[in-house]
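Quick notes on the structure that follows.
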C-alpha cells in the first residue's frame with residue numbers, strides 16, 4: 001500500500017505541474033508514468049524540469065512553444081524544433097540550462113528561413129486546434145510521430161513508455177531508456193522504416209532493469 005500511495009502521489013504532482021504550466025495536452029503523458037522504468041523521484045524531477053522550461057520559454061515569447069519542443073528523461077533534456085536565428089537558439093539554450101538540476105542538454109533545434117519558421121508555426125498552431133496531442137508539431141511531423149507510436153506500442157519486446165520521440169522536418173529524434181541493445185535496435189529500425197522519415201538520431205541509454 002505504501003508503494004501504491006507513492007506512485008499515486010507522484011502522478012498527482014505530475015498532473016498539477018502540467019496544469020500549472022498551462023499544458024493540458026501533456027496530461028495524458030502523466031498516466032503512462034506508472035509503467036515506466038524511471039524511478040518515482042526521476043519522474044517528478046523530470047516533470048518539474050519540463051514545466052520550468054515551458055514556463056521560461058512562454059515568458060520570453062509564447063510563440064516559442066510552437067517552435068521548440070523539450071523532452072526530459074532522467075534530467076537529460078532533448079530540444080527539437082525550428083528557429084530562424086542562431087542568436088535566438090542561443091537564448092533558448094541559456095534559458096533551458098539555467099535549471100541546475102539538468103545533467104545534459106542535447107540541442108537538435110534546426111535553423112530554417114524566417115518564411116519556413118512562420119509557416120511551420122502557423123501549421124503547428126492549426127494542428128493544436130485539431131488535436132491536443134499535436135503541440136508544437138506540423139501536420140507532417142505529427143503524422144510521422146503518430147505512426148511511430150502505433151508501431152512501437154504494437155511491437156512485442158518494446159516498452160514504448162520508456163521512449164520519447166519527435167519528428168522535425170522528417171528527421172526523428174529519440175531519448176529515453178532501452179532495456180537491451182536488441183530492443184533499441186528494433187526501435188531504431190521501426191523509426192527508420194517509417195514512411196517519410198529521412199534520418200534518425202537517438203540519445204537513448206541502454207540499461208538493463210534489475
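The values are calculated or read from the model by the stated rules, or taken from the named source; none is laboratory data. The shown structure was predicted, so the numbers you read here are calculated from the model rather than taken from an experiment. Ideal geometry is used to build each Cβ from the backbone, glycine not excepted, and the neighbour counts take in all protein chains shown.
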(message) So for region 55-67 (the condition being assigned to a strand (DSSP E or B), surrounded by 14 or more Cβ atoms within 10 Å (Cβ to Cβ) and touching a helix residue (DSSP H, G or I) at 6+ places or on another chain (Cβ under 7 Å)), does at least one residue qualify?
(response) no
(message) Of everything in region 146-185, what is in contact (Cβ under 8 Å) with a residue 24 or more places away in the chain, closer than 25 Å to residue 110 by Cβ and in a helix (DSSP H, G or I)? Give them in sequence order.
(response) 147, 148, 151, 152
(request) Output yes when any residue across region 191-208 is out of contact with any helix residue (DSSP H, G or I) (no Cβ under 8 Å at 6 or more places or on another chain), crowded, with 19+ Cβ neighbours inside 10 Å and within 25 Å of residue 105 (Cβ to Cβ), and no when none is. (result) no
(message) Looking at (1) out of contact with any helix residue (DSSP H, G or I) (no Cβ under 8 Å at 6 or more places or on another chain); (2) crowded, with 22+ Cβ neighbours inside 10 Å, which one does residue 154 not meet, given that it meets all the others?
(response) (2)
(request) Restricting attention to region 186-210, report how many residues are within 24 Å of residue 137 (Cα to Cα) and either assigned to a loop (DSSP other than H, G, I, E, B) or modelled with pLDDT under 95 (or both). (result) 5
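In the set 110, 127, which member is more than 18 Å from residue 164 (Cα to Cα), at pLDDT 95 or above and surrounded by 14 or more Cβ atoms within 10 Å (Cβ to Cβ)?
Only one candidate passes the filter, namely 110.
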(request) Would you mind finding the one in 26, 79, 18 that is modelled with pLDDT under 95, closer than 30 Å to residue 111 by Cα and within 13 Å of the chain's Cα centre (by Cα)? (result) 26
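Filter region 89-117 for residues that are free of Cβ contacts under 8 Å to residues at least 12 places away in the same chain, outside any loop (DSSP other than H, G, I, E, B) and over 18 Å from the mean Cα position of the chain (by Cα); which is farthest from residue 39 (Cα to Cα)?
The residue in question is 115.
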